[in-house]
Every structure is written in C-alpha cells, then in structure tokens.
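Scroll down for the structure; my scribbles are underneath it.
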Amino acid sequence: VYHAKNEKGDHVAVKIVPAKHFGHGEHEAASALDRFRCEYIVKFKTIVKIDKDYIISMEYANHKSLENLIKTRKTLSEEESSYYVEQLLKGVSVIHEANLLHRDIKPENILLHLPDSQSRPIVKISDFGLAKLLDKDGLAETQCGTPLYMAPEIYLENKKFDQKADVWSVGVIFYRLLSGQLPFPARSASQLMQMLRKPPPRLNQVTYPCWDLVIGMLNSSPARRLSC
C-alpha cells in the first residue's frame, strides 16, 4: 500500500493488485458502502483497471494498525480496549446494514487514524478483499478468513453462516486487547476445533460487565451470540 496525493491534493492510500489476484470483495464493498457514511470504515475513492492491474484508491489513515498497537503495548486497559471495540462494532454494524459480511476482521485490517481534533486515534476498518454480499437469506457459505479470528461455524463444511461471524472476530480482538493473548491460541486447525468446544479462559482482571460482553461475542452458538 502506497501513500500518495490525488489530483485535489488529498492524502490517499493506493493499493495495486494484479488482476489475476483481484477478488470482487473490494468492488462489492465499494458499491454497497457508497451510500453510507461511517468514520470507522475506510472510504473508497476509486477502483480502476490499468493494463494487468487494479488500482484501488482509499482514504488515508495516518497511524499504523491495531496490530502494531497491540505489539507495542501488549495489553490495554479495559477503558481503552472498550474505546476501540465500541468503534469497531459501530463500523461492523454499518457494514452489515449494507448487507455485507467482511469475513476478515483482524487487527492487521484495523487501521488507526488521528483526527486533528482528537487526542487519540480512531479505528478504520479496511481490507475488504474477502467481503461478500449476503444472499437473500442473509447468509454466506465460502470458507475464508484468518483461522484464529474465524467463527466456529465457518469451519463446518456445507454450513452457511451469517453476519454474527464478524462479531466473533471482534470478540477475539477484544479478548486480545485486554489480555495480550488470543482466546484460542491453537497451533493447528484440529487443535483449534478442540479448543472452540469450551469458553476461553476467564480474564480475572476484567470487570463482570465487560467479561459478559466478551463472552457474549465469543459464544460458539451463532444463535446465542451477541449481534450488532
């Protein structure tokens, strides 16, 4: 991803994707989100095809990613973790209102931007390469994403899943912000499936209301999982 200026002099982020590797997620997301305005989602500027590449121009975020923040800070306070997760949920809610499933919510895809008027950065959900418009029943069925952030139902073959899969991913991020650890730190797919059968270890330093929210987002049953 490159930092550039467009013809108006605005700062933009530019991503160049070879046509053979270009999925339709970015196109679908740009079209579906065009009528929505949400400060917690990276805005698409243009998507054009030039020769054998697609050039995607997007809103520029002037900080690094949430992954960088976690690696630097290790853990965040309950208040600061909640600050970022609240924004994430608002952004995810708008994505879902646009009838989209992001399918790859993870810290590397959450950019941070510091507006001039604020003292700490806000989140910007980015990278819609795996995004999918849902079918008429509000479901998707293609398995994709980052395993340690993927909801359990996505692992089940021939089982469709809905927008609550994104909520699970936010729950994993919330747990990691609070503890510096993944809730299910598996080293293989089979080990992960075993770990997903039980709730994650209780974080004793977290208040009960906050823990109820975390565990509600990490409920292995989509029907009982919190939604946004």
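Every number here is computed from the coordinates shown, using simple stated rules; none is lab data. Not measured: the values here are computed from a predicted model. Cβ atoms come from the backbone with ideal geometry, glycine included; neighbour counts cover every protein chain shown.
Structural remarks
- Helix-derived mean residue ellipticity, 222 nm - over the chain, DSSP H n ≥ 4, -39500 (n - 2.57), to 500: -9500 deg cm²/dmol
- Ellipsoid equivalent to the range 165-228 - semi-axes via the Cα gyration tensor, in Å: 18, 15, 10
- Listed by Cβ neighbour count within 10 Å, with the fewest neighbours leading, Asp212, Asp104 appear as Asp212, Asp104.
- Ellipsoid fit via the Cα gyration tensor, the chain: semi-axes of 29, 22, 15 Å, each the root of five times an eigenvalue, largest first.
- Calculated FRET value between Asp10 and Ser119, using beta carbons and R₀ = 22 Å, to 0.05: 0.40
- Exposure proxy ranking, count of Cβ atoms within 10 Å, fewest first, for Glu7, Glu97, Glu26: Glu7, Glu97, Glu26
- Ordered by the number of other Cβ atoms lying within 10 Å of each residue's own Cβ, fewest first, Met217, Met195 fall into the sequence Met195, Met217.
- Most positive-pole-ward Cα, Val123, Leu101, Ile215, against dipole of the chain from beta carbon charges: Ile215
- Among Ser190, Gln163, His11 - extreme Cα towards positive end, dipole of the chain, charges at beta-carbon: Ser190
- Dipole magnitude of the chain, debye to nearest 20 (Cβ charges: Lys/Arg +1, Asp/Glu -1, about Cα centre): 480 debye
- For the range 1-33, applying the loop criterion from DSSP together with a ceiling of 14 other beta carbons within 10 Å to the trypsin sites (Lys or Arg not before Pro) yields Lys8.
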